[in-house]
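Take a look at the structure set out below.
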Amino acid sequence: MITLRTLATAFITNSNRILLMKRNKERKFAPGIWAAVGGHLEPDELNTPRTACLREIHEEIGLSEDDLHYLDLKYIILRKSNLEIRIQYVFFGKTDQVKTKQTEEGKLYWIEESELFNREMTYTTKMTLKHYIENRKWLKKIIVGVVDECNGSPVMNWNCIEDWGTESLI
């Protein structure tokens, strides 16, 4: 039986730095890996991933919505892992705050953009950050990334998600 795992994550920027978490090695999900802050959506958050993202930002970083200049949904990442479909809502935000709190999830670091990819990350994290940095100047729409397998290696396929308006598609 296929199950769903729904996540909301955030990359918070400050100047040319992005906040990343080096996850504790004891964590069940992505131990020891560099990642965005975030986590699972609670049942009452399933229709509002931004609410979940703000909760995770507050829990893991200590920042409130008032500390952010913006927090925008930029990506929806889909992938299948064994019998689980993972849906990840990826937000990007900006803050002037540099002080963060300590968390059990891992250690937080402000990383210069030029140093981002010198760290061990999941494929989806690396591809999402790379796509964002290369396209952020024109990135106005929400992008859907679907991880596919090609010759045993993952491949990320990108598409914009569009509103077709009120016309019937039938």
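So which residues in region 108-121 are within 30 Å of GLU149 (Cβ to Cβ), in contact (Cβ under 8 Å) with a residue 12 or more places away in the chain and loosely packed, with under 15 Cβ neighbours inside 10 Å, if there are any at all? Listed by number, the residues that qualify are GLU113, PHE117, GLU120.
Within region 44-69, the only residue that satisfies the criterion of being exposed (fewer than 13 other Cβ atoms within 10 Å of the Cβ) and in contact with a Lys or Arg (Cβ under 6 Å, 6 or more places away or on another chain) is HIS69. For region 72-107, enumerate the residues that are surrounded by 19 or more Cβ atoms within 10 Å (Cβ to Cβ), assigned to a strand (DSSP E or B) and of a type outside the set (Val, Ile, Thr). The answer is LYS74, TYR75, ARG79, GLN88, TYR89, PHE91, PHE92, GLY93, GLY106. Residue pairs whose Cβ atoms lie under 6 Å apart, sitting 6 or more positions apart in sequence or on different chains, and linking a residue in region 1-22 that is under 18 Å from ASP96 (Cα atoms) to a partner that is in a strand (DSSP E or B) and of a type in the set (S, T, N, Q), are ILE12/THR95; ASN14/THR95. Regarding region 36-45, can at least one residue be identified that is within 16 Å of the chain's Cα centre (by Cα) and either aromatic (Phe, Trp, Tyr) or part of a loop (DSSP other than H, G, I, E, B) (or both)? Yes; the residues of region 36-45 include at least one that is within 16 Å of the chain's Cα centre (by Cα) and either aromatic (Phe, Trp, Tyr) or part of a loop (DSSP other than H, G, I, E, B) (or both). Considering (1) under 27 Å from ILE2 (Cβ atoms); (2) surrounded by 14 or more Cβ atoms within 10 Å (Cβ to Cβ); (3) of a type in the set (Gly, Ala, Ser), the lone condition that GLY152 does not fulfil carries the number (2).
Looking across region 46-67, the residues that are under 23 Å from ARG23 (Cα atoms) and not in a helix (DSSP H, G or I) come down to ILE61, GLY62, LEU63, SER64.
Any read-out appearing in this document is the output of simple, stated calculations on the displayed coordinates, not a laboratory observation. What you are looking at is a predicted structure, and each value in this text was computed from that prediction instead of being measured. Note: ideal-geometry Cβ built from the backbone for every residue, glycine included; neighbour counts use all protein chains shown.
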